[in-house]
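The structure appears right after this line, and notes come after that.
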Amino acid sequence: MGNFVPHTDADIAAMLEFLGLASLDELYAVVPAAIRLAGLDLPGEIAEADLVAELDAIGAGNRVGSRALCFAGGGAYDHEVPAVVRALAGRSEFVTAYTPYQPEVAQGVLQALFEYQTMVARLSGLPIANASLYDGSAALVEATNLAVATTGSPLIWCSQGVNPRWVEVLRTFARGSGHAIATIGLAGGVTSFDQVPAGRAGAVVVAYPNYLGALEDLAAARAAADRLGAHLIVCQDPIAAGILHSPGQFGTDVVCGEGQALGNPLGFGGPYLGLFSCRAEHVRRLPGRLVGETVDVAGRRAYVTTLRAREQDIRREKASSNVCTNQTLIAVTAAIQLGWLGTEGLRQVALRCARGTRYCRAALLSIPGVEPVSEAPVVREFAVRAPLAPELIVERLLEKGFLAGIPLREGFEGTDVEGGLLVAVTERRTAAEIDGFAAAFAEVIR
Amino acid sequence: MTGDASRRAPGGRAASAPLMGKATEPTIFEYSAPGRRAWSLRTTGLPEWSAEELVPAAHLRAEPLALPEVAERDLVGHFTRLSHRQYSVDLGAYPLGSCTMKYNPKVCDEAASLAAFRDVHPATPPVGAQGWLQVLVELEEALCEITGMAAATLQPAAGAAGELTGLLLMRAWHELAGERRTRVVVPESAHGTNPASVTLGGYTPVTVGTDARGLVDRAALAAVLGPDVAGIVLTNPNTLGLFEEEILEIAQMVHDVGGLLYYDGANLNPILGVVRPGDMGFDIVHLNLHKTFATPHGGGGPGAGPVAVSQRLVDLLPGPRPVRVGDGYGFATPPRSIGRIHSFHGNALVLLRAWCYIKLNGGEGLRRVAQVSVLNANWLHEKLRGAYDFPFDRPVMHECVVSAASLKRETGVRALDVAKRLLEEGFHAPTVYFPLVVEESLMIEPTETESPETVAALAEALVSIAAEARAHAAAGEHQPAHDAPRTTPVGRLDETRAARKLVATFDARERPAD
């Protein structure tokens, strides 16, 4: 019994004898008898081989690969993950370690995080990046917390082009923080910053590219933030960064984003990776862990988590973030993936996504009845409208082996975006696959 | 020990780990050579439009985004060498108190690498994700049985995210009743995430002390309870490794003022199948699947922190939730949901591993996990008697907290020195200086997956470190523990320099800010 407990019955008897106890139950003498259980109402243990067989049977209920060729994005993308990244990120030294509380025996994770921080800082164009947060939505929540703490204003002006699920998370956490979330609407697929009334605010939030794949005017976003005395927070796509300007160039205070696309599988939504970087002046309000370089007693270069006085285990109720365990292994994976891609590889992925996006958009728009949701330039994904509800398009195309995209509903109620379909094309989609998708699309809306 | 156990080798001691030398590993940036590459991408047959044709000039990156340019072979060499500079559960025992660093079964990782689960897009409609939804629903049901609760959300990505979710549920519950309560009670021995989460939940934390037994001071609790108290956040067993034996009375006291009880599941491991938070009177429970349910800690995440609630809070849970629909599965959002707390459905591949772990152990196996974790901790605790102080000399649950206060007074060797000296003996250090209520504390959690031989070797190492310190002090000699660790890739670090002269990226090193 207990596949992973090494103790034999004889071991247990000897240990109990040493403690002067007659049974394992006596270890729990302090637990009130009225609530002590006889056991759990769960099935008995199963063998590993039986588990694997059950997983195969249950897994057949999921559509992947050619049964659901992926044209969905919305913050989760089907990018190339090579064998070398899976092999290195799967090394048990990284997988089965914990937070580097003893840096002398954790230089592996610490140095990998230092390299990760460097790469994320270069993506954002800002000098400081933390060692990861849970996902894109958590990074956005932490970014707004930083902005409110620094500016003293609890009002967040959030573009409607920010991932609507992230904005919902922001609203959930605002129940505790008391922050007010206001929406800046879209016009022609991009944010209308001139809609924002005069006054004061803690932050202006915009996505680059935005949820509909369109390229926002970050200079206009910065100007809007300046009018409000607010921080500018940019939700950056780390893949498109290979061909787009860095938000840091526009005086952005905090860049956050979803890092799943950097070497991690779709995984039904997790574990993903919250990217977070900021200007140097904000480093003492940085959420999560930060790794810094130093030396050991012998003067050797070494790494350690630093500025720890910010963190919850030291600052307790005065901490501006409660983050403890975060997504270290996913951050290490991202560093390995970016090492595999290098300068030209990341540019190629971004470029090939943009090519596929243009090709696929044109193919869909050539179908009678399919219209663009906007004419704004797109590089990562795009939205179309067809004379059929997007939920039905997705359902019918799944029968034909395609995951067609994400229906645009929540977050867009009452706008000209509502009822559209968000389609994403990564570097993994071939012209033949896109042609097949467009042909099937034409059939299902006929 | 039975038979000739004293001659058997301890499987969790890593003192033999081979290392090639003391050189430091360059960063990946220092291996970079312009034009060298590892990447290759699929042939797509798409028109090769240029960046200038695709991206408006106002948005087109002017300078290439500099990333390391290395060959695949060098990428592998670099990260493999980094891995050799990293301690892990697979290498040896990791008795880090409160972190439950148990062995992580390999088949659970293999499950998470199956394409049928790994490659599913989170926006796949339920008809194409029945397998995933079945796993998530069954996991929720098993966690509810284990905790004695009615329903759970699987969205929180870690324990602290679960805590904040729980506090938002507490807030929403009181608001529904038209109440604006302002304070939440937190024991002084609580994990740091507790008071931080309470603040982020919009509440003011109120601290209650620990009594002479190491338990919540009930008189102090009675003094702070009132109609403005929204609830209490408790860990049971608490961070001293002690079971709050008056939990039923405490629950009554909190419920009597209209408050809710929140259970921090960090220490659930020792009570699996023995006693349930729901039966103790808790209303909200978070679990750390990366602790209790053996999902790998990943160097500090990803974890998973599901939150289970009693029946009266079910309608408030975050949505959308995986649910049974007829013979199949779908999503539903509870009518008074507090809203999403994750981009999608939580750390799904972590949740899948926990589902596997529960299946592999079964109900009886989980109970055995708890029992042996408690057995190991008590056995270890007793072996340390005399070498270290016992601030609360009572039977413990999954971990024990001892103090190096006398040792420090007698020899100058502190808890930190003991921890560093233990690394030289081939073991990861315990948690030190937490909980804060114990001076020079060493918080040791062997877990159930370490064999009796390993626990014995760990105890012996800790005892001999104390004996060594006392012998050197008696002889008036320099303490070796002050120089420890000497066998690790690097020695003690200059942490002050790291904070004062911040170098948080390779680029900061190249161009110092000052």
> Which one of these is of a type in the set (Asp, Glu) and within 17 Å of A:Gln160 (Cβ to Cβ): A:Asp226, A:Asp217?
Replying inline: A:Asp217
> Do we have any residue at all in the range A:54-71 that's in contact with a Pro (Cβ under 6 Å, 6 or more places away or on another chain), touching a residue at least 12 places away in the same chain (Cβ under 8 Å) and under 27 Å from B:Leu75 (Cβ atoms)?
Replying inline: no
> Is there a residue being at the interface with chain A (Cβ under 9 Å from one of its Cβ atoms) and part of a loop (DSSP other than H, G, I, E, B) anywhere in the range B:311-318?
Replying inline: yes
> Is it true that B:Gly45 is farther than 30 Å from B:Leu351 by Cα and within 7 Å of chain A (Cβ to nearest Cβ)?
Replying inline: yes
> From the list B:Ala57, B:Ala93, B:Ala71, B:Ala66, which residue is among the hydrophobic types (A, V, I, L, M, F, W, C), modelled with pLDDT of 95 or more and open to solvent by less than 20 Å² (accessible area, probe 1.4 Å)?
Replying inline: B:Ala93
> What are the residues in the range A:429-446 that are of a type in the set (Val, Ile, Thr) and outside any helix (DSSP H, G or I), if any?
Replying inline: A:Thr430
>> Can you list the strands (runs of 3 or more DSSP E) lying wholly within the range B:206-297 that have 3 or more residues being small (Gly, Ala, Ser) and open to solvent by 10 Å² or more (accessible area, probe 1.4 Å)?
In response: none
> Residues of the range A:244-254 being surrounded by fewer than 24 Cβ atoms within 10 Å (Cβ to Cβ) and in a helix (DSSP H, G or I), which ones?
Replying inline: A:Gly248, A:Gln249, A:Phe250
> Regarding A:Leu275, is this residue away from every other protein chain (no Cβ under 12 Å), more than 26 Å from A:Gln337 (Cα to Cα), under 21 Å from the mean Cα position of the chain (by Cα) and not polar (S, T, N, Q)?
Replying inline: no
> Could you list, in sequence order, the residues of the range A:430-439 that are buried (at least 19 other Cβ atoms within 10 Å of the Cβ) and either closer than 15 Å to A:Cys353 by Cβ or in contact with a Lys or Arg (Cβ under 7 Å, 6 or more places away or on another chain) (or both)?
Replying inline: A:Glu433, A:Ile434
>> Taking the criterion of being open to solvent by less than 10 Å² (accessible area, probe 1.4 Å) and either within 30 Å of B:Arg8 (Cα to Cα) or polar (S, T, N, Q) (or both), would at least one residue in the range B:490-504 satisfy it?
In response: no
> Scanning for something more than 26 Å from the chain's Cα centre (by Cα) and without any contact (Cβ under 8 Å) to a residue 24 or more places away in the chain, does the range B:99-114 turn up at least one residue?
Replying inline: no
>> I'd like the full set of residues that are modelled with pLDDT under 80 and under 17 Å from A:Pro100 (Cβ atoms), limited to the range A:314-338.
In response: A:Ile314, A:Thr325
> For the subset of the range A:290-313 comprising residues that are modelled with pLDDT of 95 or more and under 29 Å from A:Gln249 (Cβ atoms), which member is most open to solvent (accessible area, probe 1.4 Å)?
Replying inline: A:Glu293
>> Just the residues that are of a type in the set (S, T, N, Q), assigned to a loop (DSSP other than H, G, I, E, B) and either open to solvent by 10 Å² or more (accessible area, probe 1.4 Å) or within 7 Å of chain A (Cβ to nearest Cβ) (or both), please, taken from the range B:99-146.
In response: B:Asn104, B:Ser113, B:Thr124
>> List pairs: first residue in the range B:472-485 and at pLDDT 95 or above, second residue in a helix (DSSP H, G or I) and small (Gly, Ala, Ser) anywhere in the structure, Cβ distance under 9 angstrom, at least six positions apart or on different chains.
In response: B:His472/B:Ala481; B:Glu477/B:Ala471; B:Gln479/B:Ala469; B:Gln479/B:Ala473; B:Pro480/B:Ala469; B:Ala481/B:Ala469; B:Ala484/B:Ala419
>> Is it the case, given these coordinates, that B:Arg509 is within 13 Å of another protein chain (Cβ to nearest Cβ), in contact with a Pro (Cβ under 8 Å, 6 or more places away or on another chain), open to solvent by 30 Å² or more (accessible area, probe 1.4 Å) and at negative phi?
In response: no
>> Regarding the range B:308-319, can at least one residue be identified that is surrounded by fewer than 24 Cβ atoms within 10 Å (Cβ to Cβ) and polar (S, T, N, Q)?
In response: yes
> Counting only residues that are among the polar types (S, T, N, Q) and within 12 Å of chain B (Cβ to nearest Cβ), how many does the range A:152-178 have?
Replying inline: 3
>> I'm checking my understanding of the structure. Among residues of the range A:358-395 that are open to solvent by less than 60 Å² (accessible area, probe 1.4 Å) and of a type in the set (Lys, Arg), which one is nearest to A:Glu216 (Cα to Cα)?
In response: A:Arg380
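The values are calculated or read from the model by the stated rules, or taken from the named source; none is laboratory data. Everything numeric here is computed off the predicted structure, so don't read it as measured data. Virtual Cβ from ideal backbone geometry, glycine too; neighbours counted across all protein chains shown. Heads up: the accessible areas ignore ligands, DNA and RNA and are worked out on the full protein's heavy atoms, side chains in. Shrake-Rupley method; radii C 1.70, N 1.55, O 1.52, S 1.80 Å.
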